[in-house]
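Take a look at the structure below.
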Amino acid sequence: MIIFIAMVLVAGIVAYVILSTGQQLGLRSSRTGSQTLEEVATGIEISTIEGHNTSGLIDKIVIIVTLRSGSPSIDLDDTRIEISDTNNKCVLSYSSTYWVNGTVGVSNIFSKPAFSSVASEYGVIVLKDDDYSCTSTSPLLTRDDHVMLALNTTAIFGGITENVNVFGNVIPEEGSWAIIQFRTPSAFADPVLMLQED
């Protein structure tokens, strides 16, 4: 009888340990799944990159960005741009001095004061911001916002010529990076050039 009771107690303890372990594993897998979904959904998406041609040299570019579908808000103040022309590589941070409200319409974006003369800075031109979340002091990118990240490539690279590979990333504090990757045309026929399209 004592042996039988001991066996029942041991079986009960083993069952408790198995159930407890299973519950902990279930909670961990659920947490990991949520984190993975958040990482995949969170981030910035590039729709187009356009360049400004002055006498056969791309002196400025704008990167038009939005949030990924399902992404929470992203603070551009904590977003970096890493860009390279194969010979040089720069990392740029947002500068509130170079913020432009383009929601009212902009006739010539490349003439606006959004392009910093400092190689390590980029500006922002707001195209669409229905909730007024993207301000100069708090440039928060929310759902359905469209902004241009303005880069002075003369300050960064001394300009970009024909047949040059340019690559890099737009890096938010959290979430997926947006990829910059284009090759400049062999001839610059127009003042505004489409460099990358998704």
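A short reminder: the numbers here are calculations on the coordinates, not readings from a lab. This structure is a prediction, so every number in the text was calculated from the model and none was measured. Quick reminder, even Gly has a Cβ in these numbers, built from the backbone with ideal geometry, and neighbours come from all protein chains shown.
Here are the numbers for this structure:
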{"item": "Label-point separation, VAL118 to THR21 (7 Å along Cα→Cβ), nm", "result": "5.7"}
{"item": "Around ILE179: net Lys/Arg minus Asp/Glu count, Cβ-Cβ under 12 Å", "result": "-3"}
{"item": "Protection proxy ranking of 92-102, 129-139 - average other beta-carbon atoms within 10 Å, highest first", "result": "92-102, 129-139"}
{"item": "Those lysines that a straight Cα-Cα span of less than 17 Å connects to LYS128, excepting residues fewer than 8 apart in one chain", "result": "LYS112"}
{"item": "Segment 115-146 residues near the modelled THR54 label - backbone nitrogen below 14 Å, point 7 Å along Cα→Cβ", "result": "115-118"}
{"item": "Neighbour net charge for VAL126 - beta-carbon separation under 13 angstrom, K R +1, D E -1", "result": "-3"}
{"item": "Cut-off 10 Å between beta-carbons: net charge of the residues surrounding GLU50, Lys and Arg +1, Asp and Glu -1", "result": "0"}
